[in-house]
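K.L.:
First the structure, then my questions, so here it is.
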Amino acid sequence: MRVIGLMSGTSHDAIDAVGADIQLRDSTVHVEVVGQLSRPYPDPLRAELIAALPPGTVDMATVCRLDTAIGQEFAAAADAAARELFGGTADLVASHGQTVYHWVGGGKTYGTMQLGQPAWIAELTGLPVVSDFRSRDIAAGGQGAPLVALFDLLWLAGRPGRSAALNIGGIANATVTGDSPVAFDTGPGNSLIDAAVELATGGAEHFDRNGLRAARGTVHEPLLKALLGDSYFAAPPPKTTGKELFNRAYIERVLPDYRLPADDIVATMTALTAHTIADALAPFEPDEVIASGGGTRNPTLMGMLGARLGTATLCTSDELGLPSAAKEAAAFAVLGFLTVHGLAGSDAACTGATRASILGSITPGAGPLRLPESATAAPRQLKLVSHVRG
């Protein structure tokens, strides 16, 4: 089955599309990643999206407008991927959509909202679309995140020792393998680093390119210590968070007590991400940490993280044959494939749900909806071949 996976993460900068040829044979999912493309959001849409995120407030007209515009952008990305990666012969689109709110309180997740109306994708491409992946896990009592945990566990099955798959997007999340696997959001990934850069530049820059600002700056230990005291970091997994908590206002609340040069603020937020990831992984004593996501392109962050991981080896998913920029979209392509085959796409132990669930909602394409024959058993491993260069 030729599946297009679509993903836009908590950095809200672009839509990533991956084309994957996926087959289920015996207990193994075989995934051939044939290509990848990325489409940046138009600047006006990105600006309106970011303004609508917490702590901003919006009316329902704005929500409707964003749902439509983001859906149209996802549709354009899917259409381009179908033509460029599969010659117009794709079978399915799996669209994560754009998370705008994850409703969490007291360690429990009550709801989630991803915008990007799938009808626009189905109408433009003519393909059936699986979307709204997270809601079913939440309805089953889970955190709804990180949903890539099942992909990680299948992908890393059979590796020696204990592995941790780490994604550093706007929020950082990890999956740790073993007899009792766990998965959770560690806390901020790039979100507070980006916010610090935007504050420092008056919005002229949106991220710390190549980690240069953090490299120039000095970590302010008192501020770092104060930030590390946030109760989220002490909470046990499973747990999830988002920009509802770790946003620009989060920094603005504490900065009046610390008069610091701009680059020192960026360096301190970078250290916060490194510290919280390493501290969250430490109790599980992984032998290797396999990183993906935009944070892997920040050498200052990766250097700080590597220095705090102790004996664990830090590498990127590129070194295992899966380009870090393609991983999340590839994972949702697999989750969409599992859905249409009647298979659960979540790991209940990792999300805290009462049971593993078949995820998502299906929007039919141009023709009658014909689902493949349901599989009789859940997969136990995933074998990956990628033709995409990292």
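K.L.:
Does at least one position in the stretch 378-390 carry a residue that is within 27 Å of Thr270 (Cα to Cα), in a strand (DSSP E or B), out of contact with any Pro (no Cβ under 9 Å at 6 or more places or on another chain) and modelled with pLDDT of 95 or more?
P.N.:
no
K.L.:
Scan the stretch 22-55 for residues that are open to solvent by 20 Å² or more (accessible area, probe 1.4 Å), touching a residue at least 60 places away in the same chain (Cβ under 8 Å) and of a type in the set (Val, Ile, Thr) and report the count.
P.N.:
Summing the residues that are open to solvent by 20 Å² or more (accessible area, probe 1.4 Å), touching a residue at least 60 places away in the same chain (Cβ under 8 Å) and of a type in the set (Val, Ile, Thr) in the stretch 22-55 gives 1.
K.L.:
Can you list residue pairs whose Cβ atoms sit under 6 Å apart, with the first residue in the stretch 125-147 being among the basic types (Lys, Arg) and the second being crowded, with 24+ Cβ neighbours inside 10 Å? Count only pairs 6 or more apart in sequence or on different chains.
P.N.:
Correct list of pairs: Arg134/Gly144; Arg136/Leu359.
K.L.:
Go through the stretch 52-89 and report how many residues are modelled with pLDDT under 95 and touching a helix residue (DSSP H, G or I) at 6+ places or on another chain (Cβ under 9 Å).
P.N.:
Adding up the residues that qualify gives 7.
K.L.:
May I pose another question? Test Asp194 against the stated conditions and say whether it is open to solvent by 10 Å² or more (accessible area, probe 1.4 Å) and touching a helix residue (DSSP H, G or I) at 6+ places or on another chain (Cβ under 9 Å). Please lay out each step first, then the result.
P.N.:
Numbers: open to solvent by 10 Å² or more (accessible area, probe 1.4 Å): yes; touching a helix residue (DSSP H, G or I) at 6+ places or on another chain (Cβ under 9 Å): yes.
In short, yes.
K.L.:
Please find, among Ala81, Ala75, Ala94, the residue that is touching a Phe, Trp or Tyr at 6+ places or on another chain (Cβ under 6 Å), buried (at least 23 other Cβ atoms within 10 Å of the Cβ) and over 28 Å from Gly187 (Cβ atoms). If you could, list the steps in order and put the result at the bottom.
P.N.:
Details: Ala81 fails: touching a Phe, Trp or Tyr at 6+ places or on another chain (Cβ under 6 Å); Ala94 fails: over 28 Å from Gly187 (Cβ atoms).
Answer to the selection: Ala75.
K.L.:
When you scan the stretch 101-113, do you find a residue that is over 21 Å from the mean Cα position of the chain (by Cα), open to solvent by 40 Å² or more (accessible area, probe 1.4 Å) and either within 20 Å of Met7 (Cβ to Cβ) or at pLDDT 95 or above (or both), even just one? Steps first, please.
P.N.:
Kept after step one, since they are over 21 Å from the mean Cα position of the chain (by Cα), are these residues of the stretch 101-113: 106.
Subsequent filtering for residues that are open to solvent by 40 Å² or more (accessible area, probe 1.4 Å) retains 106.
Those left that are additionally either within 20 Å of Met7 (Cβ to Cβ) or at pLDDT 95 or above (or both): none.
For the stretch 101-113, residues over 21 Å from the mean Cα position of the chain (by Cα), open to solvent by 40 Å² or more (accessible area, probe 1.4 Å) and either within 20 Å of Met7 (Cβ to Cβ) or at pLDDT 95 or above (or both): absent.
K.L.:
Can you tell me which residue in the stretch 163-172 is surrounded by the most Cβ atoms within 10 Å (Cβ to Cβ), limited to those that are within 12 Å of the chain's Cα centre (by Cα) and of a type outside the set (A, V, I, L, M, F, W, C)?
P.N.:
Here the residue is Asn167.
K.L.:
Moving to a separate point now. Return the only residue of Gly217, Gly189, Gly203, Gly211 being at pLDDT below 95 and small (Gly, Ala, Ser).
P.N.:
Numbers: Gly217 fails: at pLDDT below 95; Gly189 fails: at pLDDT below 95; Gly211 fails: at pLDDT below 95.
Checking each option against the conditions leaves just Gly203.
K.L.:
Condition (residue is farther than 24 Å from Ile4 by Cβ, modelled with pLDDT under 95 and out of contact with any Phe, Trp or Tyr (no Cβ under 7 Å at 6 or more places or on another chain)) applied to the stretch 362-375: is it met by at least one residue?
P.N.:
Within the stretch 362-375, the subset farther than 24 Å from Ile4 by Cβ is none.
No, the conditions are met nowhere in the stretch 362-375.
K.L.:
How about the stretch 143-162: which of its residues are crowded, with 24+ Cβ neighbours inside 10 Å and either within 11 Å of the chain's Cα centre (by Cα) or over 13 Å from Leu335 (Cβ atoms) (or both)?
P.N.:
Gln143, Ala145, Pro146, Leu147, Val148, Ala149
K.L.:
Check every one of the helices (runs of 4 or more DSSP H) wholly within the stretch 245-351 and list those with 1 or more residues that are open to solvent by 30 Å² or more (accessible area, probe 1.4 Å), in contact with a Leu (Cβ under 8 Å, 6 or more places away or on another chain) and within 24 Å of Val104 (Cβ to Cβ). Give the steps one after another, and end with the answer.
P.N.:
Numbers: elements: 248-254, 262-281, 299-308, 327-340, 348-351.
In the stretch 245-351, the matching helices (runs of 4 or more DSSP H) lie at 248-254, 262-281.
K.L.:
Looking at the stretch 363-377 only, could you name the residues that are under 27 Å from Ala122 (Cβ atoms) and open to solvent by less than 60 Å² (accessible area, probe 1.4 Å)?
P.N.:
Thr363, Gly365, Gly367, Pro372, Ala375
K.L.:
Within the stretch 114-142, how many residues turn out to be assigned to a strand (DSSP E or B) and surrounded by 23 or more Cβ atoms within 10 Å (Cβ to Cβ)?
P.N.:
Looking only at that region, the number is 3.
K.L.:
Right, something else. Can you tell me which residue among Thr62, Thr109 is more than 22 Å from Thr363 (Cβ to Cβ), outside any loop (DSSP other than H, G, I, E, B), in contact (Cβ under 8 Å) with a residue 12 or more places away in the chain and in contact with a Ser or Thr (Cβ under 7 Å, 6 or more places away or on another chain)? Break it down stepwise before answering.
P.N.:
Values: Thr62 fails: in contact with a Ser or Thr (Cβ under 7 Å, 6 or more places away or on another chain).
On inspection, the qualifying residue turns out to be Thr109.
K.L.:
I'd like to know if the stretch 173-191 contains one or more residues that are touching a helix residue (DSSP H, G or I) at 6+ places or on another chain (Cβ under 9 Å), in a helix (DSSP H, G or I), surrounded by fewer than 24 Cβ atoms within 10 Å (Cβ to Cβ) and touching a residue at least 40 places away in the same chain (Cβ under 8 Å). Show your work before the answer.
P.N.:
Of all residues in the stretch 173-191, those touching a helix residue (DSSP H, G or I) at 6+ places or on another chain (Cβ under 9 Å) come to 173-178, 180-191.
Imposing the further condition that a residue be in a helix (DSSP H, G or I) reduces the set to 191.
Restricting the remaining residues to those that are surrounded by fewer than 24 Cβ atoms within 10 Å (Cβ to Cβ) gives none.
No, that holds for no residue.
K.L.:
If I filter the stretch 220-235 for residues that are surrounded by 17 or more Cβ atoms within 10 Å (Cβ to Cβ) and touching a residue at least 60 places away in the same chain (Cβ under 8 Å), do I get at least one hit?
P.N.:
No, every residue in the stretch 220-235 fails to be surrounded by 17 or more Cβ atoms within 10 Å (Cβ to Cβ) and touching a residue at least 60 places away in the same chain (Cβ under 8 Å).
The values are calculated or read from the model by the stated rules, or taken from the named source; none is laboratory data. None of these values were measured; they are calculated from a predicted model. Heads up, the Cβs are rebuilt from the backbone with ideal geometry, glycines too, and the neighbour counts pull from every protein chain shown. Protein only, heavy atoms only, side chains kept; ligands, DNA and RNA dropped before computing areas. Shrake-Rupley method; radii C 1.70, N 1.55, O 1.52, S 1.80 Å.
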